[in-house]
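Data first, discussion second: the structure below is written as structure tokens.
Read-outs: derived from the displayed coordinates by stated rules, not from any lab. Predicted, not measured: the structure shown is a model, and the values here were computed from it. Cβ sites come from the backbone with ideal geometry, for glycine too, and all protein chains shown count toward neighbours.
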Amino acid sequence: MIDIIIPETEYFDEEHMQFVTYKEQKLTLEHSLIAVSKWESKFEKPFLSSEKSALEVIEYIKCMTLTQNVKPETYFHLSPKNIEEIQAYIEAPMTATTFKKIEKRGGKKEIITAELIYYWMIAFDIPFECQKWHLNKLLTLIEVCARKNEPPKKMSRREISAQHKAINEANRKRFHTKG
């Protein structure tokens, strides 16, 4: 969750030919599976793998908003600094878990949608209250479940040979022998 303060701004209303002051406002936002699902329902395209226009970004920020009764024009008063803060929050890992890179061979890259993430949650028996977590934290949990549930990787001949060599070397040292 992140709190964003939209600063007080003054602008000229051409329709009424007068200056208008827009008061400071605080928004509480959450980058979650719920927000992604709302956005995908509206735009009918995958959130994680598609380019977004400025309007689509504003709409996603609306989907992330937990603050009640926010006027629609509020989002057009977001400063560039507000947008940077929101972007940094969305990209943050929100976990200490890291993964060793696994080389994936060819194959078609799967398009990830909210429904696919819900499927993974069901498949790994992840409780639905996790849909409110920061999306990156949820995706990390799903990745952990996937890696822990895959069968052990078979060792290559090179890895087996290296392991045997290490064992032999340790035994030579342990028993003080040369062969």
*Evaluate the distance, in nm, between pseudo-label points positioned 7 Å from the Cα of Val70 and of Arg157 along their respective Cα→Cβ axes.*
6.0
*asked:* Counting pairwise Cα distances across the chain, what percent come out greater than 28 angstrom?
replied: 47
*Determine, for His31, His16, His134, His77, the number of other Cβ atoms within 10 Å of each Cβ, and report the residues in order from fewest to most.*
His16, His77, His134, His31
*asked:* Can you tell me, using C-alpha contacts under 8 Å and at least 6 residues apart, the relative contact order of the chain as a whole percent?
replied: 24
*On a 0 to 90° scale, report how tilted helix 157-175 is relative to the longest principal axis of the chain, with both axes built from alpha carbons and the result rounded to the nearest 10.*
60
*What length, rounded to one decimal in nm, is gained on full extension from Arg174 through to Cys145, with 0.36 nm per residue of separation minus their alpha-carbon distance?*
6.5 nm
*For the chain, build the charge dipole from Cβ charges (+1 Lys, Arg; -1 Asp, Glu) around the Cα centre, then report which of Ala88, Leu138, Ile34 sits farthest towards its positive end.*
Leu138
*Angle, helix 54-64 long axis vs. longest principal axis of the chain, Cα atoms, 0 to 90°, nearest 10?*
80
*When the Karplus curve 6.51 cos²θ - 1.76 cosθ + 1.60 is applied with θ = phi - 60°, which whole-Hz ³J(HN,Hα) does each residue of region 74-84 get, with x for Gly and Pro?*
3, 5, 7, 9, 4, 7, x, 5, 4, 4, 4
*Residue-wise HN-Hα coupling along region 85-94, computed from phi with Karplus coefficients 6.51, -1.76, 1.60 (Hz; x: Gly, Pro)*: 4, 5, 4, 4, 5, 4, 7, 5, x, 6
_Going by Cα centres, region 120-171 and region 48-67 are how many Å apart?_
32
_Please compute the length gained on full extension between Ile58 and Lys26, using 0.36 nm multiplied by the number of residues separating them and subtracting their Cα-Cα distance._
9.9 nm
*asked:* Set the bar at 32 Å for Cα to Cα. Now go through Lys109/Lys154; Lys71/Lys137; Lys23/Lys137; Lys148/Lys178; Lys23/Lys132 and name every pair that lies beyond it.
replied: Lys23/Lys137; Lys148/Lys178
*Might you report the magnitude of the Cβ-based charge dipole of the chain about its Cα centre, with Lys and Arg at +1 and Asp and Glu at -1, to the nearest 20 debye?*
2480
